[in-house]
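One structure is given here, and the rest of the page talks about it.
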Amino acid sequence: MKTSQLKNILIASLSLIFACADNELDVTPEDQNFPFQIILDADEGGDLPNAEDYSIEVTFADYIGSLPKGTFTLSYQIDNFEGDMEGKVHIDQVLYEYEEDDCAFEREINFIPSNDGLSGSILITPDPDLGTVPETFEIVLTLPGNDNTEGSFAFRLTSLETSERVILGPAIEFEYEVLNSDVAGEWEMDIADKEDFKTFKSIFAPLSHDIDELEFIDITGKVAFEFEYGEMQMEIELAEEEEVVSCEDGETEIEIKNKIIEFEADYEADDGELSLEGSHEIIGEDGEAEDEVDFILRAEYTNSEDGTLNLTIEHIVDENNFKVGEELLNGKTVTLKLIKG
């Protein structure tokens, strides 16, 4: 009975809406009073023990229309210290970038810390060139920077004061922890000959069309791995070079660099076991992507006293090759030797 009544109410409401809209499809929503939301771009992160600083990005959540043209003040708190962090963490700078004519200009935002540096306020004002406040900015925190640093801390936005239509969104707390995994950091792999290249491609070619298309002559032999907080990034250096133009603070620099192919995946590493998870494109005969498929790579790892990381890949599957006997790699193992970068 209640379901029937609710259905009748919805039908009547929809009829009223369509009547008010006069059956026209170009009715725009009344969104001019919807507030902007300030949030932290991520809720957790980390870096190696010897990291001296770390940047947290603050941004406006998805929004409609122009950004605010007035000022607002953000208050913050740093707490929940564990390990070596207490007394060592505070804001060093608050920065944002303004771009003009393909050149990036770094600009500072004023902040006022408390005496102990664990709280304070950040004053956001309109940029004179943008005419609005910046869409994103970075809070740069100092860290202990010692090789044996351990621990974690929390950073949060605690309040916002403004006459503009801006509020704090739900994502306003960030947790930092030191990366103490045996695989964390930068590593390099040298592909010395065609046999090494064949071994490398047996792992990554099924997961990357770009890698699958490569020949040994196309590469320099240098492959860089970086295991960050929860994400692995790999770069394959190509023999082909390109001109790279960069411009910062009005100064233009032109460099000749080797082109690279990038590959990335989320990772978990613990007690000698490593898993990579990501997605790869299925390319059709016309060279266009037909689908995107999730994959899982499982491996074992060991660290040697000479500073090498040995990855023994045992199993690779994706959504299209998940059944026993159809795996992308199974029944054999492939070992990669990585050298600390």
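A compact table of results
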| item | result |
| --- | --- |
| Failed item in (1) within 14 Å of residue 38 (Cα to Cα); (2) within 22 Å of the chain's Cα centre (by Cα), with residue 162 passing the rest | (2) |
| Any hit, region 106-116, residues being touching a residue at least 40 places away in the same chain (Cβ under 8 Å), of a type outside the set (Gly, Ala, Ser), open to solvent by less than 80 Å² (accessible area, probe 1.4 Å) and touching a strand residue (DSSP E or B) at 6+ places or on another chain (Cβ under 8 Å) | no |
| Boolean, residue 217 is of a type in the set (A, V, I, L, M), over 25 Å from residue 320 (Cβ atoms) and part of a helix (DSSP H, G or I) | yes |
| Residues of region 218-241 satisfying the condition of being of a type in the set (Val, Ile, Thr) and surrounded by fewer than 17 Cβ atoms within 10 Å (Cβ to Cβ) | 220 |
| Matching residues, region 194-214, being part of a helix (DSSP H, G or I) and of a type in the set (Gly, Ala, Ser) | 202, 205 |
| Selection from region 47-77 of residues that are open to solvent by 40 Å² or more (accessible area, probe 1.4 Å) and in a loop (DSSP other than H, G, I, E, B) | 48, 50, 52, 62, 63, 64, 65, 66, 69, 71 |
| Count - residues of region 88-100 that are in contact with a strand residue (DSSP E or B) (Cβ under 8 Å, 6 or more places away or on another chain) and either open to solvent by 30 Å² or more (accessible area, probe 1.4 Å) or basic (Lys, Arg) (or both) | 6 |
| Count of region 183-201 residues which are of a type in the set (Gly, Ala, Ser) and either surrounded by 16 or more Cβ atoms within 10 Å (Cβ to Cβ) or modelled with pLDDT under 95 (or both) | 2 |
| Among the residues listed as 139, 167, 122, the single one being open to solvent by 40 Å² or more (accessible area, probe 1.4 Å) and in a strand (DSSP E or B) | 167 |
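Per-residue answers, yes or no, for (1) touching a strand residue (DSSP E or B) at 6+ places or on another chain (Cβ under 7 Å); (2) modelled with pLDDT under 95; (3) not in a strand (DSSP E or B):
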{"residue": "257", "(1), (2), (3)": "yes, no, no"}
{"residue": "274", "(1), (2), (3)": "yes, no, no"}
{"residue": "280", "(1), (2), (3)": "yes, yes, no"}
{"residue": "286", "(1), (2), (3)": "no, yes, yes"}
{"residue": "293", "(1), (2), (3)": "yes, yes, no"}
{"residue": "313", "(1), (2), (3)": "yes, no, no"}
{"residue": "316", "(1), (2), (3)": "yes, no, no"}
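The values are calculated or read from the model by the stated rules, or taken from the named source; none is laboratory data. Bear in mind that the values here come from a model prediction, so they are computed numbers and not experimental data. Reconstructed Cβ throughout: ideal geometry from the backbone, glycine too, with neighbour counts over all protein chains shown. Accessible surface areas use protein heavy atoms only, side chains included; no ligands, DNA or RNA. Shrake-Rupley method; radii C 1.70, N 1.55, O 1.52, S 1.80 Å.
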